[in-house]
Structures are given as structure tokens and as C-alpha cells.
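Only one structure is covered here, and it is reproduced in the block below.
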Amino acid sequence: MSTVSGWGQYPRLQAHLRKPQSPEALCALAQNGGPTIARGNGRAYGDSAINSRCTIDMRALNRMLQFCPDSGQLVAEAGVLLGDIIAAFLPRGWFPYVTPGTKFVTLGGAVAADVHGKNHHKEGGFGAYVDWLDLVDHSGQILRCSRSENPQLFQHTLGGMGLTGVIYRVALRLRPVSSGWIVQKRQVARDIGQAIALFEQAQDATYSVAWIDCLQRGAAMGRSLVMLGEHATPADLPPKARATPFAPPKRRQLHMPITPPSWVLNRATVRAFNALYYWQGARGPGHSLVDWDSYFYPLDAILGWNKIYGRRGFAQFQCVIPLAQAEAGLRALLAAISAAGAGSFLAVLKRLGAQDSPLSFPMAGYTLALDFPVTAKTLALMQQLDAITHHYGGRIYLAKDSRISRDMFHQTEPRAAPFARYRQASGAAGAWASAQSERLGL
Amino acid sequence: MSKSAVLILGAGSDMARALAHKYASAGHDIQLAARQVQRLAADQADIALRHGVAVSLHEFDALDLGTHPGFVQGLPSLPGIAICAVGLMGQQGESQTDMQKAALVMRSNFEGPACILALLANAFEQRGHGILVGIASVAGLRGRASNYVYGASKAGFVAFLSGLRNRLARGPVHVVTVLPGFVNTKMTEGMALPRRLLAQPADVADAVFRATQKRRDVIYVKPIWRLIMAIICALPERVFKKTSL
């Protein structure tokens, strides 16, 4: 048994980890009867990828198998990291269409959580760029799934949190890019209404995201820095950089050396950090050229940043509120957060586009994500935020969740029951389960 | 000028895979040699795709000495660097009672690796350049009760590499002896190993890469092992024989 946890280091559970070295070994594990779950690089925040009886560590199956330069289609095993794909293919002019906020996720994990990026409003989620995948089912068979082959299984696997089988191989389409740089435009929003207005005006921008100061109340509630981005062409680059548009950015990699005591993170330090970030951002230049690594993965530069919340770990709350209710819903959420005085260093606001999936997170509306150190107080606050989310017709993101109650989950998620029925009917229910799916009754 | 190819013997191991990626990332073409080498087709594709180099597969059985000359002849080009990562740990308990199994461990760690490197050494010498790398083990520096059959065979290999290096020292061919301590691989999975002494396969690959660049003679992967082994080797036999290391 080993102690296993997600990125939030909460909860920590005992689990038997198995690490298959070949597809044959993986298929054998799939048939050994009784529930198991696949695990990638452990970047889901909570208990999505832990099963105490058997957790399958997919990281040894991490080979890239085929690339077609005409279509940009890469075929790779599910344990390949997004960062490995970028390292291999950005120098040749390719980048993932969709990337979450860390490059340390596996391909299989990205498919299972159907992750989204800063371009969801315009280009959809990760699953939209999966041409096909090979899934190991409970009988140990490898099934090819795509929009035309086993389409139902395919759709339930995108965003299905690993509960339909083990994703073994993925055919992912990459995006042609002409540089490794992003032209960033930064706008200041004085309150939440203005932030939403800026997002709505920026529907054509490829990337958009806002950092939001979640501790402000009253007139400044929801003050934000809205950041838009486009892939730079060589013409956008300074003359010196034009000859090597894919040159790797020079970045220092920092390690979080220790776990600080939890009092380091308190209302005053978080408020000071947020104010500093806002004013520095509000004063700086509106346009800038940012390398891909700093733009998409600012936190990856600090390895082990999850330790900042102390030994008790942290939970991320991420919900989406449908468009029509977005401003009212966000105001209610922010009011609850600032009233509790439990802001986080990084609160992120983002417009999502419409998506019709069996269990994927996104819907047309606004998503708010913030981290809280795990305490009785913040757990109670997050329950309150769950209720507000439900009241405004929103839902929460399973890849971030570690603590929502089964009742509240089913209230926010009318798709849960049909998904669970699909698992029962297909025989997947007995074979695949995570601590999360057992907690939530999926 | 393109870089010379690197031949990896015993290419199925985690260490070998890390070595292949390391040299490929520096622009070397890679020749992977192993038994049932077709099982490495996915690795072949992976290395070629990630690093944009040519990767070829070659059937090779270290224990089938008669096939070695044909194997060397059959390579697309005589490699610039040949790395032998062939080895078999076996189980000490079995090696004490079942002499067939003991012999297999001895042949896999010593006879096979020494014979193929001897052939390659002659070919390199004739050509006028080349580097030979033997992955031995710290276990080969002093026999211990817990794994002396493995250790003895690695000791034979260490002595062989040392002698080969001595023979070739006045010429252009270089020999590197690698003495990894504990490495986190399939071979050591499930063994309770002290973390501070445990190297990752990629650490071994980095160390070997540096050693071939700098033409080092004998390397340990984690420097602490040099100290540990100096102490272990310095213990008088009458003390050592009572230890359980």
C-alpha cells in the first residue's frame, strides 16, 4: 500500500498502485475483476484517480507512436505528458489545440477530464481534438472508439473521468503555429460587470482569461485583469527573435523547498498579494509578447507549488454558472468568499463556450476557480458555494473536486444519473471506480 | 557532419531506454539490440518521433555467442559508441541451489557482455575510433551474501572492462565502466531501497552521456557510492565476513 493523493494533497488515501509496462500487462490488470481506476500524473486535485483496491499508474505507457504532418495528428500512448508533446513538436511548428494550466498532465488524464483551456469559448475542449482513442474495457479488450466507431462509448469516455475503461492510446490533432510566442493584451476591469463585458467583447480572441481579486467587496467586487492572447507570427517578434521563432524560453525552474506552516497564508498576506498583483498589472503595459511557457503554464515554473497551502493540503473550488445568470451568480459567490475572508492567491475567471457532453464540465457561461487551504471553515464555505452554484443553475468540475456531497452533486448535475445508468448497462460500473465516483455515486 | 550511431545492447531495460533517449536527444542515430526485438517497435517509433533521428532494431541474444559476429556484420553501420546494458539479477536463493539458474546469471552478466564487447572492441580498433561502455554494478566490487552470484559475474565484467581499457589505452578506442548503485527500474521494483541512494534511469543516462563525452574511465552514478564502496572494500575480511550488507 502507498499513500496516494491528488494535486491538492487532500484527501490522502491508501492504495495499491500497479504500473503496467506493456499494453498486455495493462489488459491483464483490466480483467482481474473488481473495480480499479487509471491514474496519470496526479494533477487532478482530489480523489478522481485513486482506487484503494487497485490504481493503475499509466506513466510507463508513454510512447509517441505516429505523427502525420499533413493532418497534424499525433498517435501516442496515454501516459505521454502534454509537456513532452510540446517539447517534441513545438520546434516543428505544432502545439496542442487545447491545454489546461499545467503541462504536467498526461494525455489520458486530459481526455478523461475533457480539460479546457483559455480558448474554450471559441475552440471547445480537449475532446474536440481527439480523432479516436483505444480503450481497454472490463474484458481486457482494446476497443477503438471514435465519432463513427463505438460512438457512444467514445462520447462517454471524453470527460468520463476514467469510469468507462482505461484510455490506452489517443489520436490527437495538433495546431500548426508559426512561433512559440503569444501576443498578450491586458485590460483592467474595475468590477465583475466590467469583467464580463470585456469577455463578451472579446469573443473573437483565441485566448481569454481573467485573474480576479476575490477579496474586494462593494463597488470593486470582482475587480480583474482580463488577459487576451493570440499566437504570434514571426512578424510580431522582435527582429532578433524572428530567425528562431520556436527557441525555447529561458526560465528558471524553482522548487518549493519546504512546506510552510499554514499561518503563512492568512487574510492579510492574501489581501496584500492580490492588491499588489492588481496594481502592478493595472500599471504595466497593455500589450506584451509572452513565451508559451510563461503564458500557458505560469505555475509550472514553481515545481511543487501545491505545498504552499501547508500539510493539511488544499481544495480547489471550480464551478461554472450559465450565461444568463452569470453576473448575479458570480456576485453571490464573490460576496460569500469575501464575507468569509477566505480568498486565494489565484482566483481565475473564464468564459466557457457551449458544449453538449455526457459528463464534461463546460457549458456556456462563466467559470470561477479558486484554492482554499483545507480547514473546517473553508470546507463550510465551499458547501455554501456549492449551494449558490446550484441556485444559479451551475455545476462543479470533477477534476478539481475532492469534497462535494453526493446529494449536492446530484442536484447540480442532472447528467449524473444517466451517466451512472450507462455504466451499469455497459458493464463498466463493476470494473471501474474511483474514490470520487464512489463518494458521488457515479 | 552527422553524429555517429549509438548501439544499445540489451535495449529492453528501463536504463537502456533512458540511454537511447539521451543519445537521441543529442542527435545520434540509435541501434536497439535485444531478444525479440520487435517488442521494442513502440520505443523505436517513440525515439524517432521525439528526437528526429533514425532508430533501427536488431535481433540480439547475448548468450548465443555464435551469432555475435553475424550480428555485428548486420548493423547498418559500425556504431561510434556501443553500450552494453545486458544483465540479469536473478534471485540469490535460487542461484545458491539451482546451478542452471546460477550459470544463467553468470553468463548473462559476464560471458555474453564480455564477448560482444570484445568483438566490437576489435572492430573499433581496426576502424581507428570508438567508445565501449559496460554497465556493471557496485555489487561487482565485493561479494556479499545477499547477491554474490550476481556480484561475482559483475566482478568478472568489471575486471574484463578494466583489462580491455588497459589494452586499448594507447590507441584511440576508449572503454567506460559504469557502476550504478541502486536504480529505480523494473529490476528493482518492490525492493525496499534507501531513497538517498536511489538513482533514476535518466540519472544513469546523463552520467553515461557525460562520461562518454569526457572519456572518463570508471563512473558511479551517485557520487556517494564511491565513498560507500571505498569503505566496504576497505573492511578487513575478518570483519566483512560477519556483516550483513
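The values are calculated or read from the model by the stated rules, or taken from the named source; none is laboratory data. In this text, all values refer to a predicted model and were calculated from it rather than measured experimentally. Cβ coordinates were reconstructed from backbone atoms using ideal geometry, including for glycine residues, and neighbour counts include every protein chain displayed. Please note that ligands, DNA and RNA were not included when accessible areas were found on the heavy atoms of the full protein model with its side chains. Shrake-Rupley method; radii C 1.70, N 1.55, O 1.52, S 1.80 Å.
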Under 5 Å from the placed amide H of residue B:30, counting only residues 5+ away or on other chains, we find B:6, B:54, B:55, B:56
Taking springs between alpha-carbon atoms closer than 10 angstrom, which of A:388, A:302, A:142 fluctuates most in the Gaussian network model of chain A? A:302
Per residue of the protein assembly as shown, what 222 nm ellipticity follows from adding -39500 (n - 2.57) for every DSSP H run with n ≥ 4, rounded to the nearest 500? -10000 deg cm²/dmol
For residue A:105, enumerate residues with amide H under 5 Å from its amide H, sequence gap 5+ or separate chain, H modeled in the peptide plane. A:82, A:83
Flagged as over-length at 21 Å C-alpha distance, from A:103/A:240; A:185/A:307; B:3/B:214, the pairs are A:103/A:240; A:185/A:307
Given a 1.4 Å probe and heavy atoms of the protein chains only, how would you sort A:10, A:168, A:45, largest accessible area at the top? A:10, A:45, A:168
In percent, what relative contact order does chain A have, based on Cα pairs under 8 Å that are 6 or more apart in sequence? 18
So the FRET efficiency between residue A:303 and residue A:12, C-beta based with R0 = 25 Å and rounded to 0.05, is 0.80
Under the span-like rule (Cα at least 20 Å along the axis, Kyte-Doolittle mean at least 1.0), DSSP H helices of chain A: A:326-340
In Å², nearest 10: area of residue B:19 left accessible to a 1.4 Å probe: 0
Two pseudo-spin positions, 7 Å from Cα along C-beta at residue B:227 and at residue A:421, lie apart in nanometres by 6.7
Arrange the residues A:356, A:300, A:191 by how much accessible surface each exposes, largest first, with a 1.4 angstrom probe. A:356, A:191, A:300
Roughly how big is the A-B contact, given as buried accessible area in Å² (both sides, 1.4 Å probe, nearest 100)? 1000
Nearest 0.05, what FRET efficiency do residue B:159 and residue A:52 give at R0 = 45 Å with Cβ-Cβ as r? 0.35
Between residue A:235 and residue A:384, what FRET efficiency comes out of the Förster formula 1/(1 + (r/R0)^6) with R0 = 35 Å and r the beta carbon distance, rounded to 0.05? 0.10
Be a star and scan the range B:83-109 for residues whose amide nitrogen sits under 19 Å from the point 7 Å along the Cα-to-Cβ vector of residue A:22. B:86-90
Return the sequence-ordered ³J(HN,Hα) values of the range A:294-300 in whole Hz as given by the Karplus equation 6.51 cos²θ - 1.76 cosθ + 1.60 applied to θ = phi - 60°, using x for Gly and Pro. 5, 6, 8, 10, x, 7, 4
Please tell me the relative contact order of the range A:64-178 in percent, rounded to the nearest whole number, where contacts are Cα pairs under 8 Å and at least six residues apart. 33
Could you report the accessible area of residue A:170 in Å², rounded to 10, computed with a 1.4 Å probe on the protein chains as they sit in the structure? 0
Area accessible to solvent at residue B:131, 1.4 Å probe radius, in Å²: 20
Quick one: angle between helix B:41-51 and the longest Cα principal axis of chain B, in degrees between 0 and 90, rounded to 10, please. 70
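Place the peptides B:198-208, A:405-415 in order of packing, highest mean first, counting for every residue the other Cβ atoms within 10 Å and averaging per peptide.
Packing proxy ranking, top to bottom: B:198-208, A:405-415.
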Scoring the range B:6-240 by relative contact order with C-alpha pairs under 8 Å, at least six apart, yields a percentage of 18
Just order A:206-212, A:390-396 by mean Cβ neighbour count inside 10 Å, highest at the front, would you? A:206-212, A:390-396
At 1.4 Å probe size, with every protein chain present, just tell me what the per residue accessible area of the range A:187-241 comes to in Å². 39
If you count only protein heavy atoms with a 1.4 Å probe, what accessible area per residue comes out for the range B:47-166, rounded to a whole Å²? 41
Residues in the range B:165-183 that a label on residue B:217 would reach, taking backbone N under 17 Å of a point 7 Å out along Cα→Cβ: B:165-179
Longest DSSP-loop-exposure-free segment, trypsin sites (Lys or Arg not before Pro), chain B, at most 14 other Cβ within 10 Å: B:4-169
Beyond 27 Å, what percent of the Cα pairs of chain B remain? 33
I need the shape label for the range A:2-57. Rule: rounded when a/c is under 1.5, else prolate if a/b > b/c, else oblate, with a, b, c from the alpha carbon gyration tensor. prolate
Along the Cα→Cβ direction, 7 angstrom out, place labels at residue A:217 and residue B:245. What is the inter-label distance in nm? 6.8
Could you point to the residue in B:185, B:110, B:139 farthest towards the positive end of the range B:6-240's charge dipole, with +1 and -1 charges on the Cβ of Lys/Arg and Asp/Glu respectively? B:139
Please determine, in degrees from 0 to 90 and to the nearest 10, the orientation of helix B:224-234 with respect to the longest principal axis defined by the Cα atoms of chain B, where the helix direction is its Cα long axis. 50
Taking Cα atoms, how many degrees apart are the long axis of helix B:14-25 and the longest axis of chain B, rounded to 10 and kept between 0 and 90? 40
Accessible area of the range A:64-178 belonging to carbon and sulfur atoms, whole % at 1.4 Å probe: 51
To check you understand DSSP bridge types, tell me what percent of the beta bridges within the protein assembly as shown (both residues inside) are antiparallel, rounded to 5. 65
Could you give the length gained on full extension between residue A:391 and residue A:294, defined as 0.36 nm per residue of separation minus the Cα-Cα distance, in nm? 31.3 nm
What is the Cα coordinate range of the range A:331-442 on the first, second and third principal axes, sorted by size from largest, in whole angstrom? 46, 32, 22
In range of the label at residue A:194: residues from the range A:317-353 whose backbone nitrogen is under 17 Å from the point 7 Å along Cα→Cβ: A:331, A:349
